Amino acid sequence: MGTPDFAVEPLRCLVEGGYDVVGVVTMPDKAVGRHHTQLQASPVKQYAVSQGIPVLQPEKLKDPAFLEQLRGLQADLQIVVAFRMLPEVVWAMPRLGTFNLHASLLPQYRGAAPINWAIIHGDAESGVTTFFLDHEIDTGRIIHQERVPIGPDDNAGDLHDRLMLVGSQLVLRTVEDILANNVTPIAQDEYTNSSEPLRHAPKIFKETCRIQWTQHTVQTAHNFVRGLAPYPAAWTELVCGEQRHVVKVYAAVRQFAAHQLPVGTVQVDKEQRLCVALPDGFLCITSLQIAGKKRMATADFLRGFKLTEDAHME
């Protein structure tokens, strides 16, 4: 059960590992295109169809017709990767249960966006967890975990790809151990460190992605940009005189320096980067996208854009 690219790799590993994948459950096809007249299948559905695997696409997971189809597959085990919250009637169905692959070291970062929030918070480590589903989201007993380092310049896309590969192997290991009756699931309470507060990973919305310059240092602004790149991308407004331009920020570098400039002031450095003043230095933007244009290097953007003396970010 899964939808995005993150869920395709574990499915591929199961298929190529010789497991009998009797069915795939994914989201209904999504309307895309300028007039929403075209339907696009999820990455998981596209892969399943290419392998001749039956695909179920319920609108509602408690729909009696879907539940009947699911029972008809007679699955021994269900595996969930980047899907929806399942009702008990679904996760309790198989004789060996249902387990989930989550892109964090649970109980840290329960929720929809664990990869983004780990980087936004400046963590040096993340990981993947397999756990049996329970009534509350992301709270079930842990089966296995694998730790993965986060580099100081890694963005969410980098970490996504690394966790996807490590997670796929953890899914295989978990399946093998469940089939061999070689698992001892552990309650998440036993993983809780009283000196480390639990952080959550709520869904990210457009307003979440706005850079609030007055609330940042150079390091936290850098983490924020990395944690939202390449998607959905941090954004800000570039104010030049009477003009306001929405700008997505895809990459930036840190420049620590003492200065007297107001926070948000924009300068161009000798390497043709937009450097935004923060209390302890500058965040120098190297890749951006202005509304209505394609993503580009900042140097290319500056060749066709004239900054005013009062230019600043809000």
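The values are calculated or read from the model by the stated rules, or taken from the named source; none is laboratory data. Not measured: the values here are computed from a predicted model. Don't worry about glycine lacking a Cβ; one is built from the backbone with ideal geometry, like all the others, and counts go over all protein chains shown. These accessible areas exclude ligands, DNA and RNA; they are computed on the full protein's heavy atoms, side chains included. Shrake-Rupley method; radii C 1.70, N 1.55, O 1.52, S 1.80 Å.
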Taking the condition within 26 Å of residue 183 (Cα to Cα), surrounded by 17 or more Cβ atoms within 10 Å (Cβ to Cβ) and in contact (Cβ under 8 Å) with a residue 24 or more places away in the chain, does residue 107 pass? yes
May I ask you to list the residues in segment 187-203 that are touching a Phe, Trp or Tyr at 6+ places or on another chain (Cβ under 9 Å) and either surrounded by fewer than 19 Cβ atoms within 10 Å (Cβ to Cβ) or polar (S, T, N, Q) (or both)? 188, 198, 199, 200, 202
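Return the residues of segment 204-223 that are part of a helix (DSSP H, G or I) and surrounded by 13 or more Cβ atoms within 10 Å (Cβ to Cβ); say none if nothing qualifies.
208, 209, 213, 218, 219, 220, 221, 222, 223
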Take residue 266 and tell me if it is closer than 18 Å to residue 220 by Cβ, hydrophobic (A, V, I, L, M, F, W, C), in contact with a Cys (Cβ under 9 Å, 6 or more places away or on another chain) and assigned to a strand (DSSP E or B). no
Go through segment 52-98 and give me each residue that's in contact with a Lys or Arg (Cβ under 6 Å, 6 or more places away or on another chain) and aliphatic (A, V, I, L, M). 55
Quick check on segment 277-302: of everything there that is open to solvent by 30 Å² or more (accessible area, probe 1.4 Å) and without any contact (Cβ under 8 Å) to a residue 24 or more places away in the chain, which residue is nearest to residue 218 (Cα to Cα)? 297
For residue 61, are the conditions met, namely being hydrophobic (A, V, I, L, M, F, W, C), surrounded by 17 or more Cβ atoms within 10 Å (Cβ to Cβ), touching a residue at least 60 places away in the same chain (Cβ under 8 Å) and in a loop (DSSP other than H, G, I, E, B)? no
Between a first residue in segment 262-275 that is of a type in the set (A, V, I, L, M, F, W, C) and a second residue that is assigned to a loop (DSSP other than H, G, I, E, B) and open to solvent by 70 Å² or more (accessible area, probe 1.4 Å), which pairs have beta carbons less than 7 Å apart while being 6 or more apart in sequence or on different chains? 263/279
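Here is a yes/no grid of residues against (1) touching a helix residue (DSSP H, G or I) at 6+ places or on another chain (Cβ under 9 Å); (2) modelled with pLDDT under 95; (3) closer than 30 Å to residue 92 by Cβ:
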position	(1), (2), (3)
121	yes, no, no
133	yes, no, yes
168	yes, no, yes
174	no, no, yes
185	no, no, yes
194	no, yes, no
197	no, yes, no
206	no, no, no
222	no, no, no
Please work out which residue is nearest to residue 298 (Cα to Cα), limiting yourself to segment 224-242 and to residues that are open to solvent by 10 Å² or more (accessible area, probe 1.4 Å) and in a loop (DSSP other than H, G, I, E, B). 230
From the set of residues in segment 239-281 that are among the basic types (Lys, Arg) and out of contact with any helix residue (DSSP H, G or I) (no Cβ under 6 Å at 6 or more places or on another chain), which is nearest to residue 210 (Cα to Cα)? 248
Of all the residues that make up segment 19-58, how many are small (Gly, Ala, Ser) and either open to solvent by 70 Å² or more (accessible area, probe 1.4 Å) or in a helix (DSSP H, G or I) (or both)? 2
Could you give me the residue pairs with C-beta distances under 7 Å whose first residue belongs to segment 243-259 and is open to solvent by 40 Å² or more (accessible area, probe 1.4 Å), whose second residue is modelled with pLDDT of 95 or more and among the polar types (S, T, N, Q) wherever it lies, and which are 6+ apart or on separate chains? 248/289; 253/286; 254/219
Selection within segment 75-86 - more than 23 Å from the chain's Cα centre (by Cα) and surrounded by fewer than 18 Cβ atoms within 10 Å (Cβ to Cβ): 76, 77
Which is surrounded by fewer than 18 Cβ atoms within 10 Å (Cβ to Cβ), charged (D, E, K, R) and part of a loop (DSSP other than H, G, I, E, B), of 161, 177, 153? 153
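Suppose the filter is small (Gly, Ala, Ser), over 30 Å from residue 215 (Cβ atoms) and either touching a strand residue (DSSP E or B) at 6+ places or on another chain (Cβ under 7 Å) or part of a loop (DSSP other than H, G, I, E, B) (or both); does residue 127 pass it?
no
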Taking residue 156 and the conditions (1) touching a strand residue (DSSP E or B) at 6+ places or on another chain (Cβ under 9 Å); (2) more than 16 Å from residue 78 (Cα to Cα); (3) not acidic (Asp, Glu), which numbered condition does it fall short on, given that it satisfies the others? (1)
